[in-house]
Amino acid sequence: MLTLNMRSADRKSDYIYRQIYRQLKKEILLHHFLPHEKLPSKRDLAKGLKVSVNSVNSAYQQLLAEGYIYAKERSGFYVEKLDTLPVPFGSSRALNPELAESPDSRKDWLSFSHMSADRSCFPFDSWLNCEHKALRSRRTELSDDPSRFPQGIYSVRRTISRLLSVTRGVKCFPEQIVLGGGTQVLVQLLRQSFFQNATFAMEEPGYKRIYRLLTMQHADVRTIELDDRGIKMNEINRINPDVLYITPSHQFPTGIVMPISRRIQLLNWASRSENRFIIEDDYDSEFKYECDTIPSLQGLDAFDKVIYIGTFSKSLLPGLRISYMVLPQRLLKAFREKSRFIMQTCSALIQLTLQEFIDSGEYRKHIKRMKQIYSERRMRLIEELGKKFGDDVTIYGANAGLHFMSAFKSGETVDAILRRADEEKLELYGLRRCFLRSCINDREPRFILGFANLSKENIEEGVNRLYRAVYG
Ligand code: 76U
């Protein structure tokens, strides 16, 4: 007679049928039953275990559903023939220590990261109000199957198209907008929809996450160096790519703002062949200092050749994961056909909250306030760097965005400086992370200095730590 080891603690904490099911499953997996052995009848087992027939029945039904046993009509339940698992059943699985993630605790650290926006100034209460409003009044869209709006919710795209027209001079209809959970997602969509066999060209140094994304999929990606106006025109003509990926408003990472002369050259270049396109990554254009914002390249494009990509990662928060692209009308039909099976990657709740945030005027208010805050921090950081480093620091690309480039006169290597920055509890990134090709020489100590995470009060201390890192 089968005896099951039912501990009294378990009896209280779990359903009786689950305990019977678990015990039987274990016995079967340990091959304590022969293949095709008959199990005791429900009545007998219930009697033996002093439990109800119902409990045994439920356990048998679960084992049946999972395929451990099979039923023969008017005969009973039998054990299925199972192969032996290579690892003994029940052996515990420990996490390989190399794979362990440690909760990120960077207490007392100061950060020059260029990868985030300031969270201490984010209007969380207004955002929450907008989310409440979306939850109350947009229940249809929230419960809709997202395959109904693969490009994103229409009204959200209408709001974004109006915003882009006012703030960036982007000319588009909501129909041309495609939302997505990040810039990489959108570039991936472009690649698979239109550019499977295209030759890409990117700025060197540039946005490596896109370079890696494309090269990982064996795309042909060339790199083109910069002159003082941005990506070099003669190299574009020499390489003759199909798709140019550029950041004209504030070149990433060097900060060059592309002048109108180069913009016109690029648009003319694109117009000369049917297959040429420009991807304009306008990632941090909301923030421009000492003059007004510079309108997008897309707004100048009379040839329908620019694919405009933008993000709310800098203007709101990167964790929201909401980015968008504006497709030229000439690509829209093909995009819809090719991406019919795609599901929207941006959560409907985030989309609707964002719409409410923009429509209610909160977004405009937030940007206005952040412009002021970032502008003050940027000034303060430039001043502190000047005070501390004097002529030994050169700053460039500081006219826009939330970071600028810095180069230091120092006999130290980049590796040594980064190591000491770590010891100083200073988050610091070298220009090297933006070298698309690994062969580029990185001996001069150049760093990206982001100021979105450094409060005004911490700037002096941040620069002191940087000084100790640079000179030891
Ligand atoms: C984004 C560039 C050039 C887009 C960027 C960033 O996915 O919409 C940079 C690094 O949030 P997403 O991407 C926005 N285009 O620099 C933002 N910066 C990157 C993400 F933090 C990091 O890896 O150095």
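Yes or no, residue by residue, for (1) in contact (Cβ under 8 Å) with a residue 60 or more places away in the chain; (2) more than 16 Å from the ligand (Cβ to nearest atom); (3) in contact with a Ser or Thr (Cβ under 8 Å, 6 or more places away or on another chain):
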| position | (1), (2), (3) |
| --- | --- |
| T167 | yes, yes, yes |
| P174 | no, yes, yes |
| I177 | yes, no, yes |
| L186 | yes, no, yes |
| F194 | yes, yes, no |
| P205 | yes, no, yes |
| L213 | no, no, no |
| D228 | no, yes, no |
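Counting only residues that are in contact (Cβ under 8 Å) with a residue 12 or more places away in the chain, within 16 Å of the ligand (Cβ to nearest atom) and farther than 15 Å from R263 by Cα, which one in region 215-226 is surrounded by the fewest Cβ atoms within 10 Å (Cβ to Cβ)? Before you say what the answer is, go through the steps one by one.
Our first condition is that a residue be in contact (Cβ under 8 Å) with a residue 12 or more places away in the chain; within region 215-226, this holds for 217, 219-226.
If we keep only those that are within 16 Å of the ligand (Cβ to nearest atom) as well, we get 221, 223-224, 226.
From what is left, the residues that are farther than 15 Å from R263 by Cα are 221, 223-224.
On the way: V221: 22, T223: 19, I224: 22.
Within region 215-226, the match that is surrounded by the fewest Cβ atoms within 10 Å (Cβ to Cβ) is T223.
Which ones in region 160-187 are touching a Leu at 6+ places or on another chain (Cβ under 8 Å), among the polar types (S, T, N, Q) and surrounded by 17 or more Cβ atoms within 10 Å (Cβ to Cβ)?
Within region 160-187, Q176 is the sole residue that qualifies.
Looking at region 379-422 only, could you name the residues that are closer than 21 Å to W109 by Cβ and surrounded by fewer than 14 Cβ atoms within 10 Å (Cβ to Cβ)?
Of everything in region 379-422, those that are closer than 21 Å to W109 by Cβ and surrounded by fewer than 14 Cβ atoms within 10 Å (Cβ to Cβ) turn out to be D415, R419, D422.
Scan region 103-125 and give yes if some residue there is of a type outside the set (A, V, I, L, M) and more than 30 Å from F287 (Cα to Cα), otherwise no.
Looking only at region 103-125, we keep the residues that are of a type outside the set (A, V, I, L, M), and these are 103-109, 111-114, 116, 118-125.
Restricting the remaining residues to those that are more than 30 Å from F287 (Cα to Cα) gives 103.
Yes: one or more hits.
Taking the condition more than 16 Å from the ligand (Cβ to nearest atom) and either among the aliphatic types (A, V, I, L, M) or at pLDDT 95 or above (or both), does P241 pass? Full working, then the answer.
On the way: more than 16 Å from the ligand (Cβ to nearest atom): yes; either among the aliphatic types (A, V, I, L, M) or at pLDDT 95 or above (or both): yes.
Yes.
Determine whether L320 is under 28 Å from K133 (Cβ atoms), without any contact (Cβ under 8 Å) to a residue 40 or more places away in the chain, surrounded by 15 or more Cβ atoms within 10 Å (Cβ to Cβ) and within 13 Å of the ligand (Cβ to nearest atom). Quick ask: steps written out before the conclusion?
Values: under 28 Å from K133 (Cβ atoms): yes; without any contact (Cβ under 8 Å) to a residue 40 or more places away in the chain: yes; surrounded by 15 or more Cβ atoms within 10 Å (Cβ to Cβ): yes; within 13 Å of the ligand (Cβ to nearest atom): yes.
Against the criterion (under 28 Å from K133 (Cβ atoms), without any contact (Cβ under 8 Å) to a residue 40 or more places away in the chain, surrounded by 15 or more Cβ atoms within 10 Å (Cβ to Cβ) and within 13 Å of the ligand (Cβ to nearest atom)), L320 qualifies.
Could you figure out which of (1) touching a strand residue (DSSP E or B) at 6+ places or on another chain (Cβ under 8 Å); (2) of a type in the set (D, E, K, R); (3) outside any loop (DSSP other than H, G, I, E, B) isn't true of K133?
Here K133 meets the rest and fails (1).
The values are calculated or read from the model by the stated rules, or taken from the named source; none is laboratory data. The shown structure was predicted, so the numbers you read here are calculated from the model rather than taken from an experiment. Cβ: placed from backbone, ideal geometry, glycine included. Neighbour counts: every protein chain shown.
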